[in-house]
1. Scan around residue 540 for amide H atoms under 5 Å from its own, H built in the peptide plane at 1.01 Å from N, and keep only partners 5 or more places away or cross-chain.
2. Could you pull out every residue, at least 5 positions away or on a different chain, whose amide H is within less than 5 Å of the one on residue 127? Hs are placed 1.01 Å off N in the peptide plane, and Pro or chain starts have none.
3. With a sphere of radius 9 Å drawn around the Cβ of residue 515, what net charge do the other residues whose Cβ falls strictly inside it have (Lys, Arg +1; Asp, Glu -1)?
4. Helix 501-511: angle to the longest alpha-carbon principal axis of the chain, degrees 0 to 90, nearest 10?
5. Can you compute the helix-only [θ] at 222 nm over the chain? Use -39500 (n - 2.57) per DSSP H run of at least 4 residues, normalise by all residues, nearest 500 deg cm²/dmol.
6. Of the peptides 479-488, 237-246, how do they stack up when ordered by the mean number of other Cβ atoms within 10 Å, highest first?
7. Going by Cα centres, region 418-446 and region 72-129 are how many Å apart?
8. What whole-number value in Å² describes the accessible area per residue of the chain for a 1.4 Å probe?
Amino acid sequence: MLSLRLTSFTHLLSPPSSAAIARRSRAILRRRHHLRQRPLAASFSAQSATAETQDRVNNSKNRVPEQVITPRSQDFNAWYLDVIANAELADYGPVRGTMVIRPYGYAIWEAIQEYLNVKFKETGHSNMYFPQFIPYSFIEKEASHVEGFSPELALVTIGGGKELEEKLVVRPTSETIVNHMFTQWIHSYRDLPLLINQWANVTRWEMRTKPFVRTLEFLWQEGHTAHATPEEAEDEAIQMIDIYTRFAYEQAAIPVITGRKSKVETFAGACKTYTIEAMMGDKKALQAGTSHNLGQNFSRAFGTQFTDENGVREHIWQTSWAISTRFVGGIIMTHGDDAGLMLPPKIAPIQVVIVPIWKKDDEKAAVLNAALTVKDVLQKSGIRVKLDDSDQRTPGWKFNFWEMKGVPLRIEIGPRDVASGSVVISRRDIPGKQGKVFGISMEPSNLEAYVKDKLDEIQSSLLERAIAFRDSNIVDVSTYSDLKAAISEGKWARGPWSASDEDELKVKEETGATIRCFPFEQPQGIKTCLMTGNPAEEVAIFAKSY
């Protein structure tokens, strides 16, 4: 038997605030409301007896009740939770702050894994695995590390019914145990560089949680590398944040801003932290991935040394870097709309859904045969396709269900389409009639080319839309009052900064915003700090964040 204890009992003993109770009550009511509402969707089956063409052009009679998903503009947080529940991405676990990732949500995470795994291996990294239980003495060895993580630690104090001689930390991150093992594996310059990655779960005892974005346990990859020189370590840290940036733009269609964290925001135990910052649909920032240059902080704490080419003993230089299931939340909040998810084709578990349409029994066989043929053609070309041939729901209900699941393209096939050898194709990113095209030939080479072209168009369109939204909500500021005004309007503020850590904390206290990063892309010319009036070498981006 294992017993988990928190490092601080004050949170357990303190009664929840009235605001927290209200939030929890609203969440419970929403969940119960959805459980009541979902069966009601079946009642829309009776409303489908319209002409085939009219059913496609105007399917409002089959619309899933609007109250199931709260409009984004009305309550962004409620919308986010509704989308996760209704799109079947995740559910709440029995322990407060945990979540169960459902198959559709996990498939998105798998798409992230597949891309990154290839990139990691292309750059010489190997996957391995470290234990999730870490001796508490390891955490204590690096002072800033233990200070930074202490409030979030979960501790094991009892095992097998007995008090443990040394309490164990449930992995919050792995720098300490990695260094312990590196000390045993690294002896000479010939053992370097050592480049490893692990896919694992992490536990951080967060007091305010949000599915995918901040949970007690989450999934991630964490890379750890050891080098002979500081230059190699810095190159590695930059290389990995570049991989994350390319993933965000090219796969997730999220236009992140890449840069360096301020000293206040740097990872506990790192010399430098590089980050990719994404603007969500409510204009809050999401730290979507980080890469840390650890210098020799951990190698000195753990005595991790190697003998260089001159026979001199030196401490290794290190990096660590990670992306987590938080990125799934970022995809939801960047692209989703009032209808639900909107997934970029490159990471969508289902890229095309086929909805067959028939009204008479003698039409069913021909329509289904055509739908199966189309499915086979697309699957053989490498497209992820789903045929929804269930007869428990109407076509209109299916249209709206798969729109809510964020499937990029929908193909409709009815008796008239079978007769003409064509299909109807609708785009998720362009609602209504504008996104629907009739008469696309079923001829395999034509259909395959058309579908692939439209998937590419959707991928590009989502990125362009996200870039336009981001850029229209970043304000260039030159004074502190300008910064406060921009933040009060819910925007990001970008301005010259060379002020102190104390000034940075003052901004956070007075506006709720933090320095998200000093972007790699910096404007030219002389700059004056917006806070002090002193010369500044860089601009910083300030924003409220998750």
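The values are calculated or read from the model by the stated rules, or taken from the named source; none is laboratory data. None of the values given here were measured: they were computed from a predicted structure. Neighbour counts are summed over all protein chains in view; Cβ atoms, including those assigned to glycine, are modelled from backbone coordinates with ideal geometry. SASA here: full protein model, heavy atoms, side chains in, ligands and nucleic acids out. Shrake-Rupley method; radii C 1.70, N 1.55, O 1.52, S 1.80 Å.
1. Amide H neighbours of residue 540, under 5 Å, 5+ apart: 495, 497.
2. 197
3. Here the count lands on +1.
4. For helix 501-511, the angle is close to 30 degrees.
5. About -12000 deg cm²/dmol.
6. Peptide ranking by packing, descending: 237-246, 479-488.
7. 31 Å
8. Averaged over the residues of the chain, the accessible area is 45 Å².
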